[in-house]
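Colleague: Take this structure first; my questions come after.
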Number of protein chains: 8
Amino acid sequence: MIKVGIIMGSDSDLPVMKEAAKVLEEFGVEYELTVISAHRTPKRAEEYAQSAEERGIKVIIAGAGKAAHLAGVLAAYTPLPVIGVPIKTSTLGGADSLYSMVQMPAGVPVATVALNGAKNAGLLAIQVLGVADKELRERFREYKIEMANKVMETAAELEKLGYEEYLAKYSR
Amino acid sequence: MIKVGIIMGSDSDLPVMKEAAKVLEEFGVEYELTVISAHRTPKRAEEYAQSAEERGIKVIIAGAGKAAHLAGVLAAYTPLPVIGVPIKTSTLGGADSLYSMVQMPAGVPVATVALNGAKNAGLLAIQVLGVADKELRERFREYKIEMANKVMETAAELEKLGYEEYLAKYSR
Amino acid sequence: MIKVGIIMGSDSDLPVMKEAAKVLEEFGVEYELTVISAHRTPKRAEEYAQSAEERGIKVIIAGAGKAAHLAGVLAAYTPLPVIGVPIKTSTLGGADSLYSMVQMPAGVPVATVALNGAKNAGLLAIQVLGVADKELRERFREYKIEMANKVMETAAELEKLGYEEYLAKYSR
Amino acid sequence: MIKVGIIMGSDSDLPVMKEAAKVLEEFGVEYELTVISAHRTPKRAEEYAQSAEERGIKVIIAGAGKAAHLAGVLAAYTPLPVIGVPIKTSTLGGADSLYSMVQMPAGVPVATVALNGAKNAGLLAIQVLGVADKELRERFREYKIEMANKVMETAAELEKLGYEEYLAKYSR
Amino acid sequence: MIKVGIIMGSDSDLPVMKEAAKVLEEFGVEYELTVISAHRTPKRAEEYAQSAEERGIKVIIAGAGKAAHLAGVLAAYTPLPVIGVPIKTSTLGGADSLYSMVQMPAGVPVATVALNGAKNAGLLAIQVLGVADKELRERFREYKIEMANKVMETAAELEKLGYEEYLAKYSR
Amino acid sequence: MIKVGIIMGSDSDLPVMKEAAKVLEEFGVEYELTVISAHRTPKRAEEYAQSAEERGIKVIIAGAGKAAHLAGVLAAYTPLPVIGVPIKTSTLGGADSLYSMVQMPAGVPVATVALNGAKNAGLLAIQVLGVADKELRERFREYKIEMANKVMETAAELEKLGYEEYLAKYSR
Amino acid sequence: MIKVGIIMGSDSDLPVMKEAAKVLEEFGVEYELTVISAHRTPKRAEEYAQSAEERGIKVIIAGAGKAAHLAGVLAAYTPLPVIGVPIKTSTLGGADSLYSMVQMPAGVPVATVALNGAKNAGLLAIQVLGVADKELRERFREYKIEMANKVMETAAELEKLGYEEYLAKYSR
Amino acid sequence: MIKVGIIMGSDSDLPVMKEAAKVLEEFGVEYELTVISAHRTPKRAEEYAQSAEERGIKVIIAGAGKAAHLAGVLAAYTPLPVIGVPIKTSTLGGADSLYSMVQMPAGVPVATVALNGAKNAGLLAIQVLGVADKELRERFREYKIEMANKVMETAAELEKLGYEEYLAKYSR
């Protein structure tokens, strides 16, 4: 059963947003993924948000750039938690996407992650689902341990090789 | 007949947005003025935008702050030109309101004026209506002349008094 | 049973952060509220985060300003979702607090809301808990309707009175 | 008959500004397009703005970068609505162009669109002309529908293929 | 004979711009001071700039805020050096005024000083006039020495009193 | 024997910079405190920096605002570590002071602390002196413990009173 | 006789700063050009600034990046006008260089031009020298006319060819 | 004996951070270099910081990007001075890394250097160690002289060759 909806404002956001999908796959959580534009297909955004809950969706992830209204528009129409991924474009260092997404007015929160932080959006969805799913929470805890272990291995190799050899090995 | 709709996201925007209304009154253009929240009353925003044209509205002015989506949401649902007034709040110097309003994606423009620039929003509405209304265009030309004359008078008085006397006269 | 922990970096954040508590009270969700400094009491931050889950906490809300590491430090030590409230101080328009909180690296998300957005942090906690609590989700839906109704009433009054009378009534 | 003047500060702005021209062509609206520098050819800017109305121009679109005064200078000399396109250059993330264009003083509005938003400038010109041209307004409405349909088709294909196949198909 | 023209975009800039006048008085350099708006009285700006040289003006000082085009417009019409004072307003921390003034295109420089730096604009005018006026240069050198002496005296008093007594003496 | 020099660009920086002095007093470290302007008394800055080491100074703390060159100028003339305190003024949110101080070129570091972070500058000086002074390091460790204890006490009181009573007790 | 000194903080600034030299050559004004680091060779900066006037230098142009103190340090030691060129580096969009240069304290102005605006620095030097050199002023006036003519020719060609042919001709 | 610990948040920071190591090698100061993530391996960060002093470490250098908490986390757990290197990533011009590192609360300083300023972090460590090591201080003084000499040689060659020949020689 599909539990997470991953929505993006344009297919140009897909190379970033696919990271959220990958995380959900890794955790075995079903999701759907599509393109809805808050400004070009506003009616579809409304319908998606309004029907999501009854279709069994638990969390919505929305990615958009520049005047990034998508997450806010969805949040306006649903009681479900909406996670926002501000997409970095070439203007204003990404501040436009970030501010448009995070600075929501009282009453309609968007859970905003870092610029291009789609992977973290996926993980946050896991954490939210984990509130009522002990197994998922357990798997997330393991994920954190594996992540730590990978950093430890990197550290061990760097300490062993020294920076020159390490850079020579991993740089082109 | 009402030709301009002035919409704001919250009644806290009214001290700024009333300047747009005053300009329209000065030019004898009928308007309506109300509060619609893009995030708290999204359905009403949709209905307003969709019905505006058939009700005879020609231009919409929308003011909002922070993640200022109101103008964009209205523009998504109407073919009418939408003029956006980013409202300055206490955060980020106002950059959040400005970026959220002006950085619209291709296909859905918002005609953005300065932070708190509600007076200019009113004047821009006059200019837009003036495209098909020679008399209004004429009045706008006169408005510009009067505005120039006021600056000239200020200049003349300052030149005559010198800065010390001028400041003494006009400061408390 | 306590389900939400509201943590702030300093008691000077309390006038902002109390809004999160008020929301939880309004929804009948038990919470605890305290001060933990990521930099001055790092050990306590670690212990709090590590024990939160087994104590039954489901969501953590963390507010901090400037180099606002608190939410990130807690997130590092717990699998629970952490909601971050960047506190606006007098420097850099609040960009320091916001960037320090939202720009988390892959693997450790913080669900960031607006600058000083403690009320939305509370609501987001409700939404997260609502994923597994139909009644809470229902109450949130009602909350949204009431919120919309309040905006409608404001709008109706403003439309009735006109901006001059309305401002005269509500301004000092 | 020429109804829109597209002006840019330098021929280096042409790759951006041609998008405004393309939109006007698509809608069958005649335009003229040229280079006028507010700072290097100020007299020509003045003459252009002062004669535009009597030559039948209804809307002026002006694009410029950095200390982007062109739109403001034209607006100072004409009662016609002026649409400004801030051109992104390599400095300050484009904030210089945007602020110089949008932050106009009371009395002289510039209808500013997004950084490099020349396409939207063209569409806004269509909307402005549409105020007095029902057919154009109708065509703009259709344009919005086609735009929505294209997003729907993209969404349908992405949903059908899944993100991996979709990316494989459309990436190099 | 009047050698320096001090121009400001609005009489609201006078409390800042009068500092330039005071400096010139201190150095015994004649000046004129008036209000010219680049946007509201563009023709007057043009005429002022074009006639300044033949009227004997050697340097122009121009102060303006927000989309601060005044200095650039004057520079477009005169071969004289133009010194720009970006006026800080309440928006965007003053970045709008600064960027609009300093980011001039190649060919038309504006010698920009700090936000609200009207005193330095006056001193820079003295330095420019000093290029051809040995006596003025000499007086500027003395000015620098006096300025240094004042800092020395402050330092001596602070060293003697200690910070507590010093603050008690000079704070209210 | 004086071990730390606290320098500020103007006596207007004293209300901020005195916090560095207070910290040093608390730790029993002798210091001198004076005003030296990098721009108005450059020669004195040079002489101070060049003689500091032989006079027994071990660390220099320098506070300045806007184009805050003082720390960099001192660092250019001495091999001693220089700690910089960017002073927040009313312009640009303090970014001018911060960037001018921290963005030093390779070869001449300035150890920059937070905007108005004079207290931390004092503590950093203690830490630097502590590298060769075990007792001082010990006292700094105790300082950290006391600081933690104070946060704990605050937390305990807040937990006991609840936020309403706590705010009532500590607010005016 | 050498009238202008062009100084830069590093030879990496030369590709930008050579534009100032080219302008001076074009106007037949003798200059010297060298590298002086405010932080690595502070003594040389002092000596250069102190001896410049007696060696006949009339204007100094200084270019530097990041914590760009060079212009300010030179200005501290000379009564001559100092023109500053903030060099754009890869950090902070260039805001660091710009703020460090332009935000000088009262008493020590730096005439700042645009980021990487070395050409304008050269032209400003010509304008400053032109205050006492009618011929140079005359040549500058001609320069402005030629510059305008070039823009006119560009405009004429673009108008004749249309944007498609024009872009085809001038793009690779 | 190892006196300096160089820590970075990820091995992707190594190309920047290796410059700190190189400086320490040049000065003959022993160091260790490894990867510790404040968010992925928080326990290891704690243990490293807590044991550093007793292992003889005198100074810690920490480099991290985006929400750059590493230096602050280490500083929370050790009385040793911590030098922070904000790593520039592609977002927000690097302001996120810088603000997260430098804006530390009172009580826990981080000695922050420029964005990507790892070389200066190494030199600052030398200066700090030099407080108690006259020989090291002496070597740092020589380092400054050599650095100055290199600038002088560059200047001499540029003066001799002129900018055209110099650029031809050193550009590809």
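Colleague: Which residue of chain H is nearest the rotation axis onto chain E, counting by its Cβ, and what is the distance in whole Å?
Modeller: Residue and rounded Å distance to the axis: H:Ala95, 7.
Colleague: Continuing with this model, one more query. Hey, in the GNM for chain E with a 10 angstrom Cα cutoff, which one of E:Ser97, E:Ser37, E:Ser51 fluctuates hardest?
Modeller: E:Ser51
Colleague: Keeping every protein chain in place, order F:Glu159, G:Glu135 by accessible area at 1.4 Å, biggest value first, i.e. largest first.
Modeller: Numbers: F:Glu159 100, G:Glu135 125 Å².
Correct descending sequence by accessible area is G:Glu135, F:Glu159.
Colleague: Among G:Gly93, G:Gly162, G:Gly72, determine the one that fluctuates most according to a GNM of chain G built with springs between C-alpha atoms less than 10 Å apart.
Modeller: G:Gly162
Colleague: Based on DSSP H runs of at least 4 residues, each adding -39500 (n - 2.57), what is the mean residue ellipticity at 222 nm of the protein assembly as shown after dividing by all its residues, to the nearest 500 deg cm²/dmol?
Modeller: -17000 deg cm²/dmol
Colleague: Which residues' amide hydrogens lie under 5 Å from the amide hydrogen of A:Gly63, considering only partners 5 or more residues apart or on another chain, with H built in the peptide plane?
Modeller: Amide H to amide H, under 5 Å and 5 or more residues apart or across chains, A:Gly63 pairs with A:Ile7, A:Met8, A:Gly9, A:Val85.
Colleague: Calculate how steeply helix F:14-26 sits against the longest principal axis of the alpha-carbon atoms of chain F, using the helix alpha-carbon long axis, and give the answer as 0 to 90 degrees to the nearest 10.
Modeller: So the inclination is approximately 80 degrees.
Colleague: Apply the Karplus curve 6.51 cos²θ - 1.76 cosθ + 1.60, θ = phi - 60°, to the phi angles in the stretch F:61-78 and return the couplings in whole Hz, x for Gly and Pro.
Modeller: 10, 10, x, 7, x, 6, 6, 7, 8, 4, 4, x, 5, 5, 4, 5, 9, 9
Colleague: A further question follows. Against the longest alpha carbon principal axis of chain E, how many degrees, from 0 to 90 and to the nearest 10, is the axis of helix E:118-130 turned?
Modeller: Around 70 degrees separate the two axes.
Colleague: I've got another one for you. Convert each backbone phi in the stretch G:97-106 into a coupling constant with the Karplus relation 6.51 cos²θ - 1.76 cosθ + 1.60 (shift: θ = phi - 60°), then list the ³J(HN,Hα) values in order as whole Hz, x for Gly and Pro.
Modeller: Values per residue, Gly and Pro as x: 4, 5, 5, 5, 8, 8, 7, 5, x, 3 Hz.
Colleague: Once R0 is set to 45 Å, what does the formula 1/(1 + (r/R0)^6) return for the Cβ-Cβ distance between E:Arg55 and F:Glu30, expressed as a FRET efficiency to the nearest 0.05?
Modeller: 0.15
Colleague: Other chains' Cβ within 10 Å of B:61-71 residues: what's the mean?
Modeller: Counting Cβ atoms of other protein chains within 10 Å of each residue's Cβ and averaging gives 5.
Colleague: Hey, another quick one. Once a ≥ b ≥ c are taken as the square roots of the eigenvalues of the Cα gyration tensor of the stretch F:4-132, is the result rounded (a/c under 1.5), prolate (a/b larger than b/c) or oblate (a/b not larger than b/c)? Kindly include the intermediate steps, with their values, before the conclusion.
Modeller: Values: a/c = 1.44, a/b = 1.18, b/c = 1.23.
Rounded shape, in that the Cα axes give a/c under 1.5.
Colleague: For F:Asn116, what residues show an amide H to amide H distance below 5 Å, using hydrogens built from the backbone and excluding near sequence neighbours?
Modeller: The answer is F:Ile87, F:Lys88.
Colleague: Which whole number gives the average count of other chain Cβ atoms within 10 Å of the Cβ atoms across peptide E:163-170?
Modeller: Taking the mean over all residues of the peptide, I get 3.
Colleague: Helix A:42-52 versus the longest principal axis of chain A: what is the Cα-based angle in degrees, 0 to 90, to the nearest 10?
Modeller: Taking Cα atoms only, the helix is inclined about 80 degrees.
Colleague: Kirkwood Rh, Cα Rg: Rg to Rh for the protein assembly as shown?
Modeller: Working: Rg = 31.1 Å, Rh = 32.4 Å.
Using Cα coordinates only, the ratio equals 0.96.
Colleague: Hey, got the average number of other protein chain Cβ atoms within 10 angstrom for residues in C:82-88?
Modeller: That average works out to 2.
Colleague: Say the cut-off is 22 Å between C-alpha atoms; which of H:Lys22/H:Lys58; B:Lys22/B:Lys150; B:Lys18/D:Lys58; H:Lys3/H:Lys66; E:Lys150/H:Lys144 go over it? Could you put the intermediate results ahead of the total?
Modeller: Numbers: H:Lys22/H:Lys58 18 Å; B:Lys22/B:Lys150 18 Å; B:Lys18/D:Lys58 28 Å; H:Lys3/H:Lys66 28 Å; E:Lys150/H:Lys144 33 Å.
Cα-Cα > 22 Å for B:Lys18/D:Lys58; H:Lys3/H:Lys66; E:Lys150/H:Lys144; rest within.
Colleague: Relative contact order (percent) for the stretch H:1-100, with alpha-carbon contacts under 8 angstrom and 6 or more residues of separation?
Modeller: 29
Colleague: Quote the total accessible area buried by chains F and C together, excluding ligands, DNA and RNA, probe 1.4 Å, nearest 100 Å².
Modeller: 1600
Colleague: Indicate the gyration tensor shape class of the stretch D:100-172 (rounded, prolate or oblate), computed on the Cα atoms with a ≥ b ≥ c the square roots of the eigenvalues: a/c under 1.5 is rounded; otherwise a/b larger than b/c is prolate and the rest oblate.
Modeller: oblate
Colleague: Could you tell me the center-to-center distance, by alpha carbons, between the stretch H:117-172 and the stretch H:35-83 in angstrom?
Modeller: 30
Colleague: For a quick check, take a GNM of chain B with Cα springs below 10 Å and name the residue from B:Glu32, B:Glu146, B:Glu157 with the largest mean-square fluctuation.
Modeller: In this elastic network of chain B, the residue with the biggest mean-square fluctuation among B:Glu32, B:Glu146, B:Glu157 is B:Glu157.
The values are calculated or read from the model by the stated rules, or taken from the named source; none is laboratory data. If you're wondering where the values come from, they're calculated on a predicted model, not measured in any experiment. Cβ: placed from backbone, ideal geometry, glycine included. Neighbour counts: every protein chain shown. Side chains are part of the model used for accessible areas, which takes the heavy atoms of the whole protein and leaves out ligands, DNA and RNA. Shrake-Rupley method; radii C 1.70, N 1.55, O 1.52, S 1.80 Å.
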